[in-house]
1. Tell me the residue from 113, 74, 27 that is under 20 Å from residue 146 (Cβ atoms), surrounded by 15 or more Cβ atoms within 10 Å (Cβ to Cβ) and at pLDDT 95 or above, please.
2. Got a sec? Which helices (runs of 4 or more DSSP H) wholly within the range 2-105 have at least 3 residues that are in contact with a strand residue (DSSP E or B) (Cβ under 7 Å, 6 or more places away or on another chain) and closer than 24 Å to residue 171 by Cβ?
3. Among residues belonging to the range 138-172 that are touching a helix residue (DSSP H, G or I) at 6+ places or on another chain (Cβ under 7 Å) and assigned to a loop (DSSP other than H, G, I, E, B), point out the one that is farthest from residue 77 (Cα to Cα).
4. Just one of (1) crowded, with 16+ Cβ neighbours inside 10 Å; (2) under 14 Å from residue 124 (Cα atoms) trips up residue 62, so point out which.
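The values are calculated or read from the model by the stated rules, or taken from the named source; none is laboratory data. Model, not experiment: these values are computed from the prediction. Counting neighbours? That spans all protein chains shown, and the Cβs are built from the backbone with ideal geometry, glycine included.
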């Protein structure tokens, strides 16, 4: 038997990502976001949704660029802290000890400690209600060398121990179950 609930956003788990923004060190900021995702593969596009009253909202709207920094279990405390403290009151890079580094294609910092930094240029902003959606082109991805598998040369997401967010809680991703298409792969 199932219960009926009022409409809500219960699509979980989601990434717990730190979004870095700002065109110069005096305005650099980090906001933790889980309302984000992939929109298109070709061209690569993604989105983040942010409440207009958040400090980072105006920075991103003004500069039209940001970086999605995927987080890890090791970065869980900094990820949470950046989500509950405002950049109006704190220099989040300084307070968390995270390192701003130069992006390649956008004028916003990447977070050096992040295993994957996805550089984005805003294409459109859609007003939705409580949040506005920033639709962006992915213009570059920086991947940390230490997470590449020496044998395959591929980026090892499992080894990065990425962080997920589910209904107010943070989780590690757990064990590998299968890869895309494994359920229909012919057995030898």
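1. Selected residue: 113, the only one of 113, 74, 27 that is under 20 Å from residue 146 (Cβ atoms), surrounded by 15 or more Cβ atoms within 10 Å (Cβ to Cβ) and at pLDDT 95 or above.
2. 76-84
3. Among residues in the range 138-172 that are touching a helix residue (DSSP H, G or I) at 6+ places or on another chain (Cβ under 7 Å) and assigned to a loop (DSSP other than H, G, I, E, B), the one farthest from residue 77 (Cα to Cα) is 156.
4. Only one criterion is unmet by residue 62, namely (1).
Listed here are the residues, each with its yes/no results for (1) touching a residue at least 24 places away in the same chain (Cβ under 8 Å); (2) over 19 Å from the mean Cα position of the chain (by Cα).
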{"position": "121", "(1), (2)": "yes, no"}
{"position": "150", "(1), (2)": "no, yes"}
{"position": "158", "(1), (2)": "no, no"}
{"position": "166", "(1), (2)": "yes, no"}
{"position": "176", "(1), (2)": "no, yes"}
{"position": "184", "(1), (2)": "no, yes"}
